[in-house]
Amino acid sequence: MNIMPYVIRGLATGGQFALVAIGYTMVYGILKLINFAHGDMFMVSGIMLIYMAGSTGAMPIFASIIIMVILTVILGYLIEKCAYAPLRTAPRMSSMISAIGVSYLLQNLVSYITGGLSKQYPEIPGLSTSVRFLGVKDKLSVFVSPVVAIVLMVVLVLVINHTKFGMSMRAVSKDFETSQLMGIKINRVISITFAIGAFLAAVGSLLYFSKNTGINHLAGSTPGIKAFIAAVVGGIGSIPGAVVGALIIGLVESLAKAFGLADFSDVISFALLIIILVFKPTGIFGEKVIDKV
Amino acid sequence: MSDIKNYEIKDFQHDSEHTQKEKLLEIKNLKVQFGGIKAVDGISIDMRPGRIVTLIGANGAGKSTTLRSIAGIIKPQEGEIIFQGENITGWSPDKIVSAGISMCPEGRKVFPNLTVLENLKIGAYLRKDKLDDDIEYVYSLFPRLKERHWQFAGTLSGGEQQMLAVGRALMSRPKLLMMDEPSLGLAPLVVKDIFEIIKTINQNGVSVLLVEQNANMALKVARWAYVLETGHITMEGRGEELLADESIKEAYLGKQKTK
Ligand SMILES: Nc1ncnc2c1ncn2[C@@H]1O[C@H](COP(=O)(O)OP(=O)(O)O)[C@@H](O)[C@H]1O
Ligand SMILES: [Mg+2]
């Protein structure tokens, strides 16, 4: 059996999950909140493209993609402003419940619009072209996914570690009040964090759905959960961790298929989560918990 | 208690040449409540430029709440905060930093995940100009920070973290530096150093509003002092006079009385 196609496809799915996982991990890093709506926002960005350029839309594909990315970023920003910002000083559990609420809201809204039916995702010229690489013949999107994820991760890490804005993000993630004393507008930093997460999810949705036949209002659940597991496995709060976690999960699930265990791929992901957390409770790249006095 | 009036008169005589305009900071009838608790209940403070003024009081008296209100972290229910003739009550923290007030918070609160140098830079977050001279100035006050500029702030000792917190607060080039219990949890020798630095900073032209439980040290460096008890100012006067006051000795200087 030739394992290579499975490896490539696993890394592709992993790269797509990674783009979603970064959103979970960044929001967690700054607000200590699991943004349960993130997977649904990913689905909404897919639906938006369908309505603009898919079976029900008539707009040119490239313009639609750009508008879809912008609208997803605005959606991410609005979710934070409406559902999380008002609860900034409330107990964290309130924000979590708000997040679950937004998740259902997005699902139901889309279900209302689509009538609960699956919609055909448009062909993305270029991404759907067949290419041959490393002896594997597949769509271009499969080969570019892990590359896109890793490149965006590197850019993001450089921005966070080497720019003034990145410094303010690191500060806000540790201490809101002291950041404010420095003159940092914490709401602005948080908004930008959500916007970045949404942008990456939009790119991820483009790569992920372009291989799919159709999507409905629940299409965000599975990638959402997988990306969340990836973020936890990698060490939630760590951006490289999210990417590594996602690549591992994508790879493991794809190899499971190679060995005829496709039906067990979810079980395998969760088992992996449990095993890693047993040995390293903070995840692969997880921060040591330093008690600061 | 009749002493309060005496002290007040003396200081105003001394400063009779000053006019209303020359007040740096004026707090009028400040009230802050948390739920039902009145943390600060109608306090008034006057501060002239160039001074070290201290606010002493026991744990829970409302000292931090007062400073956090001035910094714009907490919105007071009542009262006015006037800085250089401008009413800054209710301003956002970033506007207050730009106006020239900076704060060195209780418990130091350096960013442990930022390096020493980054902590200094983030203190100048709102500034757009070059920081080299200011960083050199902070290093000249605290040479240890220069040696450790690449280290994560979380790995510094308590005293070094306090130095960094003070340096960080200076990076915005404040006119008024507020310090919340800088001596908290530090060894006596380190406390002495910190107070020396406070004097130096003040001599270099920065006014200091110093909150302390360590009344002995604070009253020695402060020109004017306020005593805060459960949200009220119960006494005010010159530092050295309060230091000699019997009731202050008893309540706040217990250990030092025998010296
Ligand atoms: N965020 C808060 N929520 C509720 N109560 C608070 C809060 N901050 C301070 N307090 C209360 O206000 C009072 C004054 O606190 P604080 O200003 O921190 O005192 P100090 O700095 O003098 O020790 C205390 O009774 C404290 O419990
Ligand atoms: Mg305090």
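The values are calculated or read from the model by the stated rules, or taken from the named source; none is laboratory data. Computed from a predicted structure; not experimentally measured. Note that we place each Cβ from the backbone using ideal geometry, even for glycine, and neighbour counts take in every protein chain shown.
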Near pairs, Cβ below 8 angstrom, 6+ apart or cross-chain, from the stretch A:198-225 (crowded, with 18+ Cβ neighbours inside 10 Å) to any residue that is assigned to a strand (DSSP E or B): A:Phe209/A:Ile215; A:Ser210/A:Lys139; A:Lys211/A:Lys139; A:Ile215/A:Lys119; A:Asn216/A:Lys119
From the options A:Ile186, A:Ile160, A:Ile196, residue that is within 14 Å of another protein chain (Cβ to nearest Cβ), under 19 Å from the mean Cα position of the chain (by Cα) and not aromatic (Phe, Trp, Tyr): A:Ile160
Unique residue being over 19 Å from A:Gly197 (Cα atoms) and out of contact with any Phe, Trp or Tyr (no Cβ under 6 Å at 6 or more places or on another chain) when the list is A:Leu117, A:Leu158, A:Leu152: A:Leu117
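Hey, can you tell me all the residues within the stretch B:169-206 that are more than 16 Å from ligand 1 (Cβ to nearest atom) and within 14 Å of chain A (Cβ to nearest Cβ)? Please lay out each step first, then the result.
Keep residues of the stretch B:169-206 that are more than 16 Å from ligand 1 (Cβ to nearest atom), which gives B:169-177, B:186-206.
Of everything in the stretch B:169-206, those that are more than 16 Å from ligand 1 (Cβ to nearest atom) and within 14 Å of chain A (Cβ to nearest Cβ) turn out to be B:Ala169, B:Leu170, B:Met171, B:Ser172, B:Arg173, B:Pro174, B:Leu176, B:Leu177, B:Leu186.
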Residue, farthest from the chain's Cα centre (by Cα), within the stretch B:118-146, restricted to residues that are surrounded by fewer than 20 Cβ atoms within 10 Å (Cβ to Cβ) and of a type in the set (A, V, I, L, M): B:Leu131
Boolean, B:Leu209 is more than 16 Å from ligand 1 (Cβ to nearest atom), crowded, with 19+ Cβ neighbours inside 10 Å and of a type outside the set (Gly, Ala, Ser): no
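Check A:Ala219, A:Ala202 and return the single one that is under 11 Å from the mean Cα position of the chain (by Cα) and either of a type in the set (Gly, Ala, Ser) or within 29 Å of B:Lys95 (Cβ to Cβ) (or both). Working first, answer last.
Numbers: A:Ala219 fails: under 11 Å from the mean Cα position of the chain (by Cα).
Among A:Ala219, A:Ala202, only A:Ala202 is under 11 Å from the mean Cα position of the chain (by Cα) and either of a type in the set (Gly, Ala, Ser) or within 29 Å of B:Lys95 (Cβ to Cβ) (or both).
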Per-region count, the stretch A:175-215, residues among the hydrophobic types (A, V, I, L, M, F, W, C), assigned to a helix (DSSP H, G or I) and within 11 Å of A:Gly46 (Cα to Cα): 6
Candidates A:Ser168, A:Ser173 - the one that is within 14 Å of chain B (Cβ to nearest Cβ), under 20 Å from B:Ile73 (Cα atoms) and touching a Gly at 6+ places or on another chain (Cβ under 9 Å): A:Ser173
Residue match in the stretch B:44-57 (condition: touching a residue at least 60 places away in the same chain (Cβ under 8 Å), within 14 Å of ligand 1 (Cβ to nearest atom) and not aliphatic (A, V, I, L, M)): yes
B:Ala244, sole failed condition from (1) away from ligand 1 (no atom under 16 Å from the Cβ); (2) crowded, with 19+ Cβ neighbours inside 10 Å; (3) at pLDDT below 95: (2)
Candidate set from the stretch B:87-123 (those that are touching a helix residue (DSSP H, G or I) at 6+ places or on another chain (Cβ under 7 Å) and farther than 30 Å from A:Gly286 by Cα); member that is farthest from the other protein chains (Cβ to nearest Cβ): B:Ile88
Selection count, the stretch B:224-240, where residues are surrounded by 19 or more Cβ atoms within 10 Å (Cβ to Cβ) and not in a strand (DSSP E or B): 2
Restricting the stretch B:58-106 to residues that are part of a helix (DSSP H, G or I) and of a type in the set (A, V, I, L, M), the residue that is nearest to ligand 2 (Cβ to nearest atom): B:Leu67
So A:Phe270, is it of a type in the set (Phe, Trp, Tyr) and farther than 30 Å from A:Tyr121 by Cα: no
1 or more residues in contact (Cβ under 8 Å) with a residue 40 or more places away in the chain and farther than 19 Å from B:Arg51 by Cα: qualifying helices (runs of 4 or more DSSP H) within the stretch B:127-198: B:132-141, B:158-170
